[in-house]
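Notes follow once the structure below has been shown.
No value in this document is a laboratory result; all are computed from the given coordinates. Because the structure is a prediction, the values reported are computed rather than measured. Backbone-built Cβ (ideal geometry, glycine too); neighbour counts: all protein chains shown.
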Amino acid sequence: MQIVLTCLVLFIIGYGGATWYLWAKQRKLIFLPSRDVHQSPADFGLRYEEVWVPVGGGPATSLHGWWLQSDDAAPPAFLYLHGNDFNLGSNVERIARLNRMGFAVLAVDYRGYGQSGGGFPSELQVYEDAEAAWNYLVQERHIDPRRAFIYGHSLGGAIAIELALRHPEAAGLVVECAFTSMPELAKVLFWMFPVHWLLNQRFDALAKVPKLRVPALFIHGTADREIPHAMSERLFHAAGAPKWLTLIPGGGHEDSATIGEGIYTRAVLDFTQGIQRDRNALPTALS
């Protein structure tokens, strides 16, 4: 009996300690920034401009980003929001692919990532960062919001959904490999803990998508081992119309656009061109 009681006490202490760690360190578990930027669009033969976007109400903190212009005279533009780890340098391939498809692209690092200023981020702060990037795209680059698309990959998908909710004037939303909410994703990894009670960094995309007022395209690889593609399917079904879902057979979390390049490219082009075509067909008084 003494041995059983001792094991029970040790289990309670260990479980309690692990639970406290998950609550106290959740931001460190969610955000995995790196200051080292190992690649740029120049490594893919693309011209680009370094940009700095003020954020946080003071001139001391600025977000670092890249602006990639298109050869088209007045191209649609994408605001690209990356996932939770590393920085822009690990997203160059996806950014370059969008630019080569004919889009202008603004890509930014959140505070604490890459060359961006600021300390370690939080959910509310990355929402602020996305808002600052949107304002820069529209106000400084003079992109008509009706020709500006918001793109988010992984965690960036949840951030993109929040931004699109705030800006129904945006042309559309593309979400790749997104999750339904942080507690639901955490439950897959930490099933033994009450994550729904513990996490205050919630990124609850599933609760937001029914309120979207912009067209949305959801893309996910069927072989994604980090975020189940069923989560994108749930987001798609919960979203209001107009909406599209593209599943890429064999695509993983990072390589769907490479594994299924033709499917991916056609999905993005059909989505963006269809929206622009429909908008151009509207009467002047309604456009």
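Observations, loosely collected:
- Entry remark, region 133-155: residues being crowded, with 22+ Cβ neighbours inside 10 Å, part of a helix (DSSP H, G or I) and more than 14 Å from the chain's Cα centre (by Cα) number 2 in total.
- Taking the numbered list (1) more than 15 Å from the chain's Cα centre (by Cα); (2) under 26 Å from D204 (Cβ atoms) in turn, D255 passes all entries but (2).
- Residue that is farthest from S62 (Cα to Cα), among those in region 122-166 that are in contact with a strand residue (DSSP E or B) (Cβ under 8 Å, 6 or more places away or on another chain) and of a type in the set (K, R): R147
- Matching residues in region 40-63 - criterion: being in contact with a helix residue (DSSP H, G or I) (Cβ under 8 Å, 6 or more places away or on another chain) and in a strand (DSSP E or B): V51, V53, P54, V55, L63
- Pick from region 109-132, criterion more than 22 Å from D204 (Cα to Cα) and touching a Leu at 6+ places or on another chain (Cβ under 6 Å), ranking: surrounded by the most Cβ atoms within 10 Å (Cβ to Cβ): S116
- Contact map, region 257-279: first residue of a type in the set (F, W, Y), second residue in a helix (DSSP H, G or I), Cβ cut-off under 9 Å, separation 6 or more or different chains; pairs are Y264/R97; Y264/S256; Y264/A257; Y264/T258.
- Residue match in region 180-200 (condition: surrounded by fewer than 23 Cβ atoms within 10 Å (Cβ to Cβ), more than 15 Å from the chain's Cα centre (by Cα) and among the polar types (S, T, N, Q)): yes
- Filtered residue count, region 38-79, keeping only those that are under 29 Å from L199 (Cβ atoms) and among the hydrophobic types (A, V, I, L, M, F, W, C): 4
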